[in-house]
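Structure first, commentary second.
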Amino acid sequence: MLKEGQLVFLLDDKGRKHWLRLERGMVKVPSLGVVDGGRLLQSGDGARLVLAGKPFVLFTPGTVDLMGSLERGAQVITPKDAATIALELDLKDGDVVIEAGLGSASLTVALLAMVAPNGKVVSVELRSEFLEKGRRNINRTLHAHLWTGHLGDVKDISLETIADAVVLDMPDPWEALPNVCRLLRPGGRLCIYVPNTNQLERAVKDMRANGFVEVRALENIQREMEVHEMGVRPSYETLGHTGYLAFGRLVRSTEVN
Ligand SMILES: C[S@@+](CC[C@H](N)C(=O)[O-])C[C@H]1O[C@@H](n2cnc3c(N)ncnc32)[C@H](O)[C@@H]1O
């Protein structure tokens, strides 16, 4: 059952997504013109429709659709890396995650979906323009009420929240490790995402030096495949390198006797 105010997209026969918020009456869709919102509300997820003589399918978005439709600025974390982060950090309903920085909130959209409906995501962002851009992107999701954004530096920010997991996607994450040890519960998991190998080396060495164990580093390689009448091959548009991921768990600083 579709509801007024819900974000949906119309998929055209070329695979393009035309986004709109459902309302009764006529709704302006920038890439299409004006469509009858009442008619869309009466249809359902996956409904076929003909609008102005052209075929469309109406869909409610999933997390990957939302991540692919954000207002962009900084480099974003893509679904292949977000999926690995979610599983390696063992994210589940009720978890509390702290991340820095927010950037365009691509990863945040995925983190919110993982910890909903009872968890929360707290983002720390150095630059106010990214905090606002990220907020606009998060407001497109169903989980905006589970999110809090703070303008500040994760290297020294104090938060009331103690996290089950922390994600750092910033140029010098090792500088934030002493503060991360205050923000993360013992046994909690950390992910560091960096684009270059020299950053990865420094991150892993400093994670070990700051009390993290089970530290491991990896790169995700994923190739989109094109399936045509004439044959099957990897897409020429496949994104090559995205980033390196380092994971570890925080050990409690006091020993039990
Ligand atoms: C690559 S972007 C993050 C992209 C984001 N993970 C996404 O998926 O859209 C890096 C962000 O980190 C922020 N940043 C850099 N250093 C920071 C710090 N010390 N504390 C908080 N944010 C920081 C930058 O302003 C920038 O917005």
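The values are calculated or read from the model by the stated rules, or taken from the named source; none is laboratory data. Please read these numbers as outputs of a predicted model, since none were measured by experiment. Backbone-built Cβ (ideal geometry, glycine too); neighbour counts: all protein chains shown.
Miscellaneous remarks
- Contact map, the stretch 111-140: first residue at pLDDT below 95, second residue more than 14 Å from the ligand (Cβ to nearest atom), Cβ cut-off under 8 Å, separation 6 or more or different chains; pairs are ARG140/LEU7.
- Filter result for the condition that a residue is more than 29 Å from the chain's Cα centre (by Cα) and either more than 25 Å from ALA113 (Cα to Cα) or not hydroxyl-bearing (Ser, Thr, Tyr) (or both), over LEU2, LEU58, LEU51, LEU22: LEU51
- Top-ranked residue of the stretch 127-142 - restricted to ones that are surrounded by 17 or more Cβ atoms within 10 Å (Cβ to Cβ) and in contact with a strand residue (DSSP E or B) (Cβ under 9 Å, 6 or more places away or on another chain), ranked as farthest from LEU7 (Cα to Cα): LEU131
- The lone criterion from (1) away from the ligand (no atom under 12 Å from the Cβ); (2) outside any helix (DSSP H, G or I); (3) on the phi < 0 side of the Ramachandran plot left unmet by TYR193 is number (1).
- Looking only at residues in the stretch 242-257 that are among the hydrophobic types (A, V, I, L, M, F, W, C) and not in a strand (DSSP E or B), the one that is farthest from VAL204 (Cα to Cα) is VAL256.
- Taken together, HIS228, HIS145 contain a single residue that is out of contact with any strand residue (DSSP E or B) (no Cβ under 8 Å at 6 or more places or on another chain), at pLDDT below 95 and away from the ligand (no atom under 16 Å from the Cβ), which is HIS228.
- Every pair of residues 6+ apart whose Cβ atoms lie under 6 Å, when the first sits in the stretch 235-257 and is exposed (fewer than 11 other Cβ atoms within 10 Å of the Cβ) while the second is in a loop (DSSP other than H, G, I, E, B): SER235/GLU224
- In the stretch 51-75, the qualifying residues are those that are hydrophobic (A, V, I, L, M, F, W, C) and at pLDDT 95 or above, and the one that is farthest from GLU99 (Cα to Cα) is PHE56.
- Checking each residue in the stretch 154-175 for being surrounded by 15 or more Cβ atoms within 10 Å (Cβ to Cβ), of a type in the set (Val, Ile, Thr) and in a loop (DSSP other than H, G, I, E, B) picks out VAL154, ILE157.
- Scanning the stretch 69-92 for residues that are crowded, with 16+ Cβ neighbours inside 10 Å and away from the ligand (no atom under 16 Å from the Cβ) turns up nothing.
- Flag for LEU151 being free of Cβ contacts under 8 Å to residues at least 60 places away in the same chain, surrounded by fewer than 16 Cβ atoms within 10 Å (Cβ to Cβ), in the same structural domain as ALA116 (by TED's automatic domain parsing) and touching a Leu at 6+ places or on another chain (Cβ under 6 Å): yes
- Enumeration of residues in the stretch 59-93 that are within 26 Å of GLN6 (Cα to Cα) and in contact with a Pro (Cβ under 9 Å, 6 or more places away or on another chain): THR63, VAL64, MET67, GLY68, SER69, ASP93
- Filtered by the rule that a residue be touching a strand residue (DSSP E or B) at 6+ places or on another chain (Cβ under 6 Å) and surrounded by 17 or more Cβ atoms within 10 Å (Cβ to Cβ), the stretch 194-210 gives VAL194, LEU200, ALA203, VAL204, MET207.
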